[in-house]
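Engineer: I'd like to ask you about the structure that follows.
The values are calculated or read from the model by the stated rules, or taken from the named source; none is laboratory data. Here the structure is a predicted model, which is why all the values come from computation and not from measurement. Methodologically, a virtual Cβ is constructed for each residue, glycine included, from the backbone with ideal geometry; neighbour enumeration extends over all protein chains shown.
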Amino acid sequence: MAINDTHFFTAQGTLAGQQYIHTLHMREGVDSLGSNADSQLLSRWQTTCQSAWLGCHSAAYNLTRITAQRICGSLPLPARTELSVGQPGTRNVSVQGDPLAPWLSLAVNESTGLAGRSRHGRFFMSGGYEGDVTGESLVVNVNQWNNLVLAYIAALNGAFVTGTPPLDWVLVVHSKKLAAQPGTQCNQSSTPVTGLSLVARLTTQRSRRA
């Protein structure tokens, strides 16, 4: 409820019968968000990014809900705020072949311009098809997974990284290790993201493998 407070955002859904959770960390960028900051964060992501997110996924994906919770700031920390969505992906995959296994994903790096693991983050995106890749490399085409993910990155970037300042919400890399150190302030345990970049090859999420 104050500038620099850090919040944990999730977009929760299902893909090919498996739970699929997209996570981001956001920091309050202005002092005017008030006690309903989490609700405002959910609305902000829905308005600026949800359409592009759904566009990365076929109808085999369903976005069930989005959540937000303040995880760093004045105590006591509030309960999580949830918003039901219930919308399928909107990507047309009629000519893309068979779907890839859900644990085959693309990684998006979150750069802060600073060194160290605590200042570098990433998130993963699943939902590709055979026609999206050649071996482990992405096929670059306007209708392919590559460009759809880049569109989501652009939406995040415009809303939470490079938009007109002062931003109400700032995308950050949050370090649990730094936050666990006594006396660490929220603006010390989370670092604003300065750039998002797609890794143009497949990766795996073995911990989520069926």
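Engineer: What are the residues in the stretch 20-45 that are in contact (Cβ under 8 Å) with a residue 24 or more places away in the chain and either under 14 Å from the mean Cα position of the chain (by Cα) or closer than 18 Å to Ala107 by Cβ (or both), if any?
Structural biologist: Answer for the stretch 20-45, where residues must be in contact (Cβ under 8 Å) with a residue 24 or more places away in the chain and either under 14 Å from the mean Cα position of the chain (by Cα) or closer than 18 Å to Ala107 by Cβ (or both): Tyr20, His22, Thr23, Leu24, His25, Met26, Arg27, Leu41, Leu42, Arg44, Trp45.
Matching residues to (1) among the small types (Gly, Ala, Ser); (2) surrounded by 15 or more Cβ atoms within 10 Å (Cβ to Cβ); (3) out of contact with any Lys or Arg (no Cβ under 9 Å at 6 or more places or on another chain):
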{"site": "His7", "(1), (2), (3)": "no, yes, no"}
{"site": "Gln19", "(1), (2), (3)": "no, no, no"}
{"site": "Gly29", "(1), (2), (3)": "yes, yes, yes"}
{"site": "Leu42", "(1), (2), (3)": "no, yes, yes"}
{"site": "Ala52", "(1), (2), (3)": "yes, yes, yes"}
{"site": "Gly55", "(1), (2), (3)": "yes, yes, no"}
{"site": "Leu63", "(1), (2), (3)": "no, yes, yes"}
{"site": "Cys72", "(1), (2), (3)": "no, yes, no"}
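Engineer: While we're looking at this one, here's another question. I'd like to check which strands (runs of 3 or more DSSP E) are fully inside the stretch 86-195 and have at least 3 residues that are crowded, with 20+ Cβ neighbours inside 10 Å and in contact (Cβ under 8 Å) with a residue 12 or more places away in the chain.
Structural biologist: Those strands (runs of 3 or more DSSP E) span 104-111, 169-174.
Engineer: Can Ala37 be described as buried (at least 21 other Cβ atoms within 10 Å of the Cβ) and modelled with pLDDT under 95?
Structural biologist: Yes: the conditions hold for Ala37.
Engineer: Provide a single number: the residues in the stretch 1-14 that are farther than 23 Å from Ser189 by Cα and either basic (Lys, Arg) or touching a Ser or Thr at 6+ places or on another chain (Cβ under 6 Å) (or both).
Structural biologist: Of the residues in that region, 2 qualify.
Engineer: Sticking with this one: Can you pull out the residues in the stretch 67-94 that are more than 26 Å from Ala2 (Cα to Cα) and in contact with a Phe, Trp or Tyr (Cβ under 9 Å, 6 or more places away or on another chain)?
Structural biologist: Pro88, Gly89, Arg91, Val93
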